[in-house]
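Just so it is clear, none of the values below were taken in a lab; they were calculated from the coordinates. Source: prediction; values computed, not measured. Positions of Cβ are generated from backbone atoms using ideal geometry, with glycine treated the same way; all protein chains shown enter the neighbour counts.
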Amino acid sequence: MGVKVSYKELGLANTREMFKKAVNGGYAIPAYNFNNLEQLQAIVTACAETSSPVIVQVSKGARDYANQTMLRYMAMGAVEMVREMGAQIPIALHLDHGDTLELCKSCVDSGFSSVMIDGSHHSYEENVALTRQVVEYAHAHDVTVEGELGVLAGIEDEVQAEHSTYTRPEEVEDFVQKTGVDSLAISIGTSHGAFKFKVKEGEEPPPLRFDILAEIERRIPGFPIVLHGASSVVPEYVELINAYGGKLEGAVGVSEEQLRRAAASAVCKINIDSDGRLAVTARVREFLANNPGEFDPRKYLGAARKELIKLIKHKNETVLGSAGKA
Ligand code: G3H
Ligand code: 13P
Ligand code: ZN
């Protein structure tokens, strides 16, 4: 571990104020995952151009891929780039699906302004104890913490869950009170990745469990709720990928209509990773297929970055409602 640095020195913000405004305003803060330069540039450019607050988030895998020191300077560069664009938007750097106290501490020490401790695969008591420890360390550094109750179907980083376990509303009050978390990720029918629902041709995916969300909201009114696994798995991208040599059969996501409804409720952070991956892959495949003699990464990654900016602006403006809320 190198030198300790506070996110405040990097010009980042924690999520406290963002969530307060989002809960009161009936919209959700976008949390976009990134692993490389082009993704980060696209996220902050689109959010600056739509005047949206933003959470840029990295998974444990992304942190290993990009290197934690590099990430710190990338985040600092993103803040500076936005400032030079003349935009004033709060940017949080968040650890997505942290699985140990050590990892969360290390992120706090290296400039993250927010961390998630995902203890959802542990027993309730272990989840409470682990989350509480993270909160104590993070809050001492004015870093905000996201906890999770309930397990999403699919893969939660290294945690495999065959079937989802919906969040039990009767646990949320106790969890929030005992742990001191700033926000709570819940399971109401979404899942990670591009294959969220098994549906037959022409069938609609099942609706999210808004009844569970309403019960959670009733028990902890005004408390910031987080929705993971919230990519729409944009059909145009899936079609492009398949048209240019890819093989994504049966990829289905959460409809924009369902996400709009969630964003207008207590859900004030919506996590999107897969849609960004699909946008990048679609444009890279298309570009390389149409330009077989081209081998300059700036060309195909530039095309991907352009598509990502378009996608993120669309999400902020017409799905999450965060545009103009910075
Ligand atoms: O929730 C998981 C995110 O989509 C990150 O995925 O672990 O492959 O980076 P990753
Ligand atoms: P998607 O796979 O639906 O984009 O979900 C991302 C996520 O929840 C990251 O934590
Ligand atoms: Zn997630």
Which of the lysines could a cross-linker bridge to Lys198, judged by Cα under 18 Å and excluding same-chain residues fewer than eight apart? Lys247
Set Lys8/Lys310; Lys200/Lys315; Lys20/Lys325, cut-off 18 Å on Cα-Cα distance; pairs above it are Lys8/Lys310; Lys200/Lys315
As a footprinting exposure proxy, order Val254, Val238 by other Cβ within 10 Å, with the fewest listed first. Val238, Val254
Cα shape, the stretch 8-129, gyration tensor, a/c 1.5 rule: oblate
Considering the chain, what Rg and Dmax in Å follow from its alpha-carbon atoms? 18.9, 60
For the stretch 210-253, the Rg and Dmax computed from alpha carbons only, in angstrom: 17.0, 49
Modelled label-to-label distance, Gln133 and Asn24, 7 Å Cα→beta-carbon offset: nm? 3.7
